[in-house]
Ligand code: PEP
Ligand code: MN
């Protein structure tokens, strides 16, 4: 922490600040300039009490942190990329992974048809919401446990691992019983109690970026998972809210190199919520692969026009098979398999 003192303060004021810095467990180093005195307070800012309260002292001009607030998710803590093993599917390794399936589980035929088709095209994880976070209470809320049972049936038939959203702490035990990866949605990305509960199930957690979440907030939300003894965290960029209305959200692909720099955890891109438009999904997938994403999360539906949620952004089974073919050279160019 750097503490900048105001010009022309008395020796007594300076001593009081030094005393407080020591009291809070830091070692002060004084640098006296011509006009100002700057104190470098040495100590781990993540484990010591913050010195930021000093900013309100009359003799202090500014207090500036020098360390990042996240620890376990950071690249500093873990230099190598971490990877997550989901029933033998490694996310964050050499092989590029695609998670695909409908926005919502709607019925057995819809889910099983999609599951078989995405598996055939090369997807390795099946997605599908059983508990849906809908903007309106009058919209389809998901099949709940029945949807989870259908996901389990699809897993039995195809061998695909399952990712599904955990919407509330109330469903924690139930959803964790069925899911291979728990998805924490954009609307819950800073629901810290839910993050703790999800972490404690021991299941891998995919943390979507919140609608207006800054990078540091996202990393700190992820820190909740690792700090609760769950090392299996995936970050998922799914677009943020901007002024633009041409797309549903603004997919921020800069998060790929940023998360790679800041964290060792894998980064997944969701182009479906990202743009909200099926016609843009392929281009955004190509971009994501080329920029070094570890995996994609794509919404696929046998008949998007009749989907009970997110119809405009879901691609067809044929569209998904074509997409997987078109991505091959991009995956190879990115040095992945
Ligand atoms: C979804 O994946 O269908 C979903 C609701 O995602 P998000 O939380 O990113 O909106
Ligand atoms: Mn959706």
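Taken over segment 144-166, the criterion of being within 16 Å of ligand 1 (Cβ to nearest atom), in contact with a helix residue (DSSP H, G or I) (Cβ under 7 Å, 6 or more places away or on another chain) and either outside the structural domain of residue 273 (by TED's automatic domain parsing) or assigned to a loop (DSSP other than H, G, I, E, B) (or both) is satisfied by 166 alone. The numbered conditions (1) within 16 Å of ligand 2 (Cβ to nearest atom); (2) surrounded by fewer than 19 Cβ atoms within 10 Å (Cβ to Cβ) are all true for residue 144 except (1). Taking the stated definitions as given, is residue 116 outside the structural domain of residue 14 (by TED's automatic domain parsing) and away from ligand 2 (no atom under 16 Å from the Cβ)? When the stated conditions are applied, residue 116 passes them.
Residue check: is residue 90 buried (at least 20 other Cβ atoms within 10 Å of the Cβ) and either within 30 Å of residue 325 (Cβ to Cβ) or over 20 Å from the mean Cα position of the chain (by Cα) (or both)? No. Would you say residue 124 is under 22 Å from residue 97 (Cβ atoms) and away from ligand 1 (no atom under 16 Å from the Cβ)? Considered against the rule, which asks whether it is under 22 Å from residue 97 (Cβ atoms) and away from ligand 1 (no atom under 16 Å from the Cβ), residue 124 comes out as yes. Just one residue in the set 234, 226, 211 is within 16 Å of ligand 1 (Cβ to nearest atom), crowded, with 23+ Cβ neighbours inside 10 Å and under 28 Å from residue 175 (Cα atoms); that residue is 234.
Being away from ligand 1 (no atom under 16 Å from the Cβ), in contact (Cβ under 8 Å) with a residue 12 or more places away in the chain and in the same structural domain as residue 119 (by TED's automatic domain parsing) holds for only one residue in 258, 298, and it is 258. Name the single residue that is nearest to ligand 1 (Cβ to nearest atom) among those in segment 83-107 being out of contact with any strand residue (DSSP E or B) (no Cβ under 7 Å at 6 or more places or on another chain) and within 21 Å of residue 166 (Cβ to Cβ). Across segment 83-107, the extreme among qualifying residues is 106. Each residue in segment 301-337 was checked for being crowded, with 18+ Cβ neighbours inside 10 Å and within 16 Å of ligand 1 (Cβ to nearest atom), and 10 of them qualify.
Among the residues of segment 169-184, none is identified as in a helix (DSSP H, G or I) and closer than 20 Å to residue 264 by Cβ. Being in the same structural domain as residue 224 (by TED's automatic domain parsing) and at positive phi is a property that residue 270 lacks.
In the set (1) within 16 Å of residue 152 (Cβ to Cβ); (2) more than 16 Å from ligand 1 (Cβ to nearest atom); (3) in contact (Cβ under 8 Å) with a residue 60 or more places away in the chain, residue 119 fails one condition alone, (3). As a summary of the residue check, residue 256 satisfies the conditions (1) surrounded by 20 or more Cβ atoms within 10 Å (Cβ to Cβ); (2) closer than 24 Å to residue 167 by Cβ except for the one numbered (2).
The values are calculated or read from the model by the stated rules, or taken from the named source; none is laboratory data. A quick note: this is a predicted structure, and the numbers were derived from the prediction, not measured. Neighbour counts run over all protein chains shown; Cβ positions are idealised from the backbone, glycine included.
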